[in-house]
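What follows is a short report on a single structure.
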Amino acid sequence: MDKYDAKNDRYCYSKTTVLKNKLDIQDMNKLETAEREITALTVRKIGFRHPPYDLEYMKSLHKKLFSNLYDWAGELRSVDISKGGTRFCNCGRVIPEAQKLFKALQKENWLSNLKKEEFCERLAEYYCEFNMIHPFREGNGRVQRLLFEHLAISAGYDFDWEFVQRNEWIQANIDGVNVNYEPMSKIFKRIVSKL
């Protein structure tokens with residue numbers, strides 16, 4: 001679960017950083033466990049869909065993954081958030097910034113017909129840029145990975161996330177904030193294979 005630096009966050013129980021949830025779990029560790037277990041089940045119910053993709057599709061993925069836990073599943077966040085030293089997209093800019101990226105992906109034909117190396121390089125840039133939008137209050141990483149799995153499949157590729165170490169993934173995302181997409185590209189080159 002992301003630990004955001006949002007103060008007086010309407011999504012959280014009073015004077016805590018624990019997200020209000022349908023199970024009324026008010027312990028962060030227990031909520032993280034419940035979230036992992038629930039999304040491990042709900043992700044199995046989500047089928048692949050070919051492009052075009054858009055923000056509405058991301059919202060539908062989020063709703064399918066998290067609606068058993070959060071009332072606001074599938075809704076864009078209404079608070080500004082940051083994590084560590086990284087401030088994510090202002091909530092008022094989420095829609096236009098996401099639309100820009102989806103239009104750019106569409107212009108690039110959803111990254112189809114690219115050789116693996118170029119596919120991974122383009123994928124890394126888009127991944128890092130989408131990460132900066134962070135459209136939801138929680139669950140952005142899972143939704144984004146699922147969206148990018150669908151994007152990869154539509155382009156004839158697949159991922160094997162098993163070979164990604166948590167620390168290297170976090171660092172690659174941090175590097176992406178600084179417009180250094182190379183670490184993310186290296187990860188993708190290692191875990192992407194042709195279908």
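Odds and ends about this structure:
- Residue match in region 135-147 (condition: under 30 Å from V18 (Cβ atoms) and in contact with a Gly (Cβ under 9 Å, 6 or more places away or on another chain)): yes
- Inside region 161-184, residues that are closer than 15 Å to G141 by Cα, of a type outside the set (D, E) and assigned to a helix (DSSP H, G or I) make up a count of 12.
- Unmet criterion (only one of (1) part of a helix (DSSP H, G or I); (2) touching a residue at least 24 places away in the same chain (Cβ under 8 Å); (3) more than 17 Å from the chain's Cα centre (by Cα)) for E118: (2)
- Filtering region 123-142 to residues that are in contact with a helix residue (DSSP H, G or I) (Cβ under 9 Å, 6 or more places away or on another chain), assigned to a loop (DSSP other than H, G, I, E, B) and not acidic (D, E) leaves H134, P135, F136, G139.
- Taken over region 76-115, the criterion of being in a loop (DSSP other than H, G, I, E, B) and not small (G, A, S) is satisfied by L76, R77, V79, D80, I81, F88, C89, N90, E108, N113, L114, K115.
- No other residue among E129, E56, E37 is over 17 Å from Q144 (Cα atoms) and among the acidic types (D, E) apart from E37.
- Residues (modelled with pLDDT of 95 or more, over 21 Å from the mean Cα position of the chain (by Cα) and either assigned to a loop (DSSP other than H, G, I, E, B) or closer than 16 Å to L76 by Cα (or both)) located in region 14-30: K22, L23, D24, I25, Q26, D27
- Scanning region 36-50 for residues that are touching a residue at least 60 places away in the same chain (Cβ under 8 Å) and in contact with a Leu (Cβ under 9 Å, 6 or more places away or on another chain) gives T39, V43, I46.
- Looking only at region 153-186, and only at residues there that are among the aliphatic types (A, V, I, L, M) and under 26 Å from E37 (Cβ atoms), the one that is surrounded by the fewest Cβ atoms within 10 Å (Cβ to Cβ): I170
- Considering region 62-89, and only residues there that are more than 16 Å from the chain's Cα centre (by Cα) and at pLDDT below 95, the residue that is surrounded by the fewest Cβ atoms within 10 Å (Cβ to Cβ) turns out to be G85.
The values are calculated or read from the model by the stated rules, or taken from the named source; none is laboratory data. What you see is a predicted model, and the numbers here were worked out from it, not measured in a lab. A quick note on method: Cβ atoms are made from the backbone with ideal geometry, for glycine too, and the neighbour counts reach across all protein chains shown.
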